[in-house]
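Structure first, commentary second.
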Amino acid sequence: MAAPIPRHVSGELVRVALVQARPGALTTAQLVDVTGLTASQVANGIRWIRETAAAANLTPLTWTARAGYEFSDNPVDWVNYEIGVFRRVLTMLLRLLQGTLDPHKAKTPRDRFAKMATSHVNTMIESLEYITQQHPS
């Protein structure tokens, strides 16, 4: 078994591959081929880029199912990606509210945690609904 590669090393390999692919995008499979990393190492590299390198290099990282990962210079791409993420988080919060928090609160109406969590999740849902409604797509 090979020694693990630190996240910043795999991240830098992935970052360089994506910079070289500009203005195009690369799928995970293509990143595996180009970098010589495993799919897991590419995923770790993508996480490192999102957590560290994208902000440090002012290179917004986007992803689409059709094209893969890319450092786009087009603000429309950035907004489309961001709205997609907001919609996924909104769906997740709606399912949490309807499938767990609402029944929790109904079963234990005096539970302070259930009340507080429901209140905060409802606020997040309202904010995400507002954000996603501001962008037509």
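The values are calculated or read from the model by the stated rules, or taken from the named source; none is laboratory data. Keep in mind that what you see is a predicted model, and the values were worked out from it rather than measured. Every residue, glycine as well, gets a Cβ built from its backbone with ideal geometry; the counts of neighbours run over all protein chains shown. Note: areas computed on protein heavy atoms with side chains; ligands, DNA, RNA excluded. Shrake-Rupley method; radii C 1.70, N 1.55, O 1.52, S 1.80 Å.
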Checklist entry - Can you tell me which residues in segment 1-18 are modelled with pLDDT under 95 and either outside any helix (DSSP H, G or I) or in contact with a strand residue (DSSP E or B) (Cβ under 6 Å, 6 or more places away or on another chain) (or both)? => result 1, 2, 3, 4, 5, 6
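Under the condition of being in a helix (DSSP H, G or I) and open to solvent by 60 Å² or more (accessible area, probe 1.4 Å), which residue from segment 20-34 is nearest to residue 78 (Cα to Cα)? Walk me through how you get there before you give the answer.
First, the residues of segment 20-34 that are in a helix (DSSP H, G or I): 20-21, 28-34.
The next check asks that each one be open to solvent by 60 Å² or more (accessible area, probe 1.4 Å); those that pass are 20, 29-30, 33-34.
Working: 20: 19, 29: 22, 30: 22, 33: 26, 34: 24 Å.
Among them, the one singled out is 20.
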Checklist entry - List the pairs whose first member sits in segment 61-83 and is of a type in the set (Gly, Ala, Ser), whose second member is in a helix (DSSP H, G or I), and whose Cβ atoms are under 7 Å apart, counting only residues at least 6 apart or on separate chains? => result 68/28; 68/30; 72/78
Checklist entry - Just to be sure, is residue 91 in contact with a helix residue (DSSP H, G or I) (Cβ under 9 Å, 6 or more places away or on another chain) and not charged (D, E, K, R)? => result no
Checklist entry - For segment 51-61, which residues satisfy the criterion of being under 12 Å from the mean Cα position of the chain (by Cα) and in a helix (DSSP H, G or I)? => result 51
